[in-house]
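**Student:** Here it is: the structure, laid out below.
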């Protein structure tokens with residue numbers, strides 16, 4: 001996929017000398033530069049545009065459907081505990097600090113928050129979007145501690161780094177794809193080490209292209225989905241190594257380039273996980289012990305921002321796609337935190353055969369259902385049919401679906417619907433129910449009068465089933481939406 005939209009949107013956090021957010025700035029206070037050239041600001045949203053309604057309670061938001069109904073433009077926090085890149089002892093410390101952060105928050109959180117864990121077994125949502133602090137604490141308490149098997153088996157080996165690099169980028173891309181339907185800013189607080197730096201100097205040319213292109217695609221997908229990354233590293237790593245006499249240091253060159261707005265491509269020569277955070281508009285924290293404060297800082301900065309949009313004056317240059325961004329203020333003594341750059345051309349993914357394409361589509365849906373992560377690319381709701389208890393009624397927001405005009409003048413969309421039953425331990429039961437659906441409209445002008453497309457699917461009749469997960473995929477765009485149907489007697 002190539003990025004064809006020329007509109008660049010920035011979320012900008014401004015801090016004073018004491019680290020407090022500055023809330024009284026106007027559009028005229030900002031100047032945006034791309035590759036050193038001043039840009040004309042097209043749109044500007046003030047500081048309070050994204051604020052939550054102060055009267056919300058802990059039960060106001062319990063899932064993605066509540067989020068879109070109550071706070072469609074609000075920033076959200078996505079807490080990620082990285083267990084497949086992080087040593088077991090460091091991960092135990094990260095858990096303690098994450099709990100310490102949560103205990104310091106009010107019972108009703110200031111922003112909707114979801115919690116997911118990244119392990120060797122895959123990506124798993126522990127708690128859906130919520131304002132209830134206790135739900136997150138309970139989710140962390142019940143999350144089993146696991147050893148980072150891949151890291152232990154392949155420590156120091158190139159193939160191990162390649163596996164963790166791919167798995168980390170897949171996780172970031174999955175979050176972006178899952179959350180793209182929510183209009184507000186999504187702030188990933190990645191608690192864990194991430195993959196270690198990859199030196200490309202001695203790699204063959206084709207391998208360099210694969211690694212660089214994968215990183216560039218991830219950065220652009222995060223931008224398209226309005227996602228910012230804050231990385232909180234619990235390890236005392238070699239990114240910053242002091243000499244014995246404590247008079248000299250060496251620094252990860254790629255992360256330093258990104259943090260200092262170096263005009264060169266930050267993925268040229270080295271690919272580092274800590275580079276992704278500043279490129280996306282966040283920050284990379286490492287070499288500190290107060291992880292709970294770093295998490296709190298990330299959440300605060302991610303929810304307090306201005307939004308600026310501009311159309312670049314320069315034409316796309318496929319040979320030099322990286323564009324450096326600088327935002328400056330007339331008022332002295334202030335610090336600006338925003339995206340440090342982007343790629344004007346998104347490299348295409350590696351070519352797939354038709355068989356691989358079919359497997360990829362199945363993998364997308366399988367990942368959405370297996371991880372339990374709420375996908376918002378299509379807005380879904382699900383309920384048991386009032387007339388048939390073995391049938392589920394699924395409603396899909398028509399505004400999210402791509403409708404194509406057919407030769408006969410009608411309009412249609414192609415959707416795939418899959419339902420899977422899960423037991424009380426979150427294990428799938430039996431084979432999924434799948435339907436390929438062609439939805440048709442006689443008159444596209446009446447689309448606004450039809451806010452939802454209603455679909456049906458048989459509820460898998462599995463013994464010990466406690467819930468049904470449903471995924472709907474728009475075949476034309478690949479957008480996914482998910483919903484969960486609780487089969488507990490009280491529901």
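**Student:** Which of the peptides 389-398, 183-192, 26-35 is most tightly packed, and how do the rest follow, going by the mean number of other Cβ atoms within 10 Å of each residue?
**Tutor:** Numbers: 389-398: 17.3, 183-192: 24.0, 26-35: 15.0.
Per-residue Cβ counts within 10 Å, averaged per peptide and sorted highest first, yield 183-192, 389-398, 26-35.
**Student:** Hey, another quick one. Which order, highest average first, do 50-62, 73-85 follow once you tally other Cβ atoms within 10 Å for each residue and take the mean per peptide? Mind showing how you got there, number by number?
**Tutor:** Numbers: 50-62: 15.1, 73-85: 23.2.
Per-residue mean Cβ counts within 10 Å order the peptides as 73-85, 50-62.
**Student:** If you build the Cα gyration tensor of the range 1-113 and take the root of 5 times each eigenvalue, what three semi-axes come out, in whole angstrom, biggest first?
**Tutor:** For the range 1-113, the semi-axes come out at 31, 22, 18 Å.
**Student:** If you count, for each residue, the other Cβ atoms within 10 Å and average over each peptide, how do 293-304, 130-141 line up from highest to lowest? Each step should come with its number before you reach the end.
**Tutor:** Values: 293-304: 21.2, 130-141: 18.2.
Order by mean packing, descending: 293-304, 130-141.
**Student:** Same structure again: Efficiency by 1/(1 + (r/R0)^6): what FRET value for residue 436 and residue 317, r their Cβ-Cβ distance, R0 = 41 Å, to the nearest 0.05?
**Tutor:** 0.45
**Student:** Further question on the same structure: For the range 99-139, rounded, prolate or oblate, judged on the Cα gyration tensor with a ≥ b ≥ c (square roots of eigenvalues), a/c < 1.5 rounded, else prolate if a/b > b/c? Walk me through the numbers before you get to the answer.
**Tutor:** Working: a/c = 2.88, a/b = 1.92, b/c = 1.50.
Taking the square roots of the gyration eigenvalues as a ≥ b ≥ c, the range 99-139 is prolate.
**Student:** According to the Cα gyration tensor, what semi-axes, each the square root of 5 times an eigenvalue, does the equivalent ellipsoid of the range 81-218 have, listed from largest to smallest in whole Å? Don't jump to the answer; show the numbers that get you there.
**Tutor:** Working: eigenvalues 180, 73, 24 Å².
Working from the Cα gyration tensor, I get semi-axes of 30, 19, 11 Å.
**Student:** Under the 0.36 nm per residue contour assumption, what length would be gained going from the current alpha-carbon distance of residue 202 and residue 486 to full extension? List each step's numbers first, then the result.
**Tutor:** Working: separation 284, 0.36 × 284 = 102.24 nm, distance 5.27 nm.
Residue separation times 0.36 nm, minus the Cα-Cα distance, leaves 97.0 nm.
**Student:** Suppose only helical runs count, i.e. DSSP H with n ≥ 4. What mean residue ellipticity at 222 nm does that imply for the chain under -39500 (n - 2.57) per run, divided by all residues and rounded to the nearest 500 deg cm²/dmol? Can you show the working numbers first?
**Tutor:** Details: 10 runs with 126 residues, N = 491.
The helix contribution divided over the chain gives -8000 deg cm²/dmol.
**Student:** Also: Tell me, in nm to one decimal, what length is gained between residue 402 and residue 210 on full extension, where the rule is 0.36 nm per residue of separation less the Cα-Cα distance?
**Tutor:** Result for the pair: 66.0 nm of gain on full extension.
**Student:** Can you quote the Å³ per residue value for the convex hull of the Cα atoms in the range 355-486, rounded to an integer?
**Tutor:** Values: hull volume 14.9 nm³, N = 132.
Convex hull of Cα atoms, per residue: 113 Å³.
Every read-out reported here was derived from the displayed coordinates using simple, explicitly stated rules and does not represent laboratory data. Quick caveat: nothing in here was measured; it's all calculated off a predicted structure. Please note: Cβ atoms are built from the backbone with ideal geometry, for glycine as well, and neighbour counts cover all protein chains shown.
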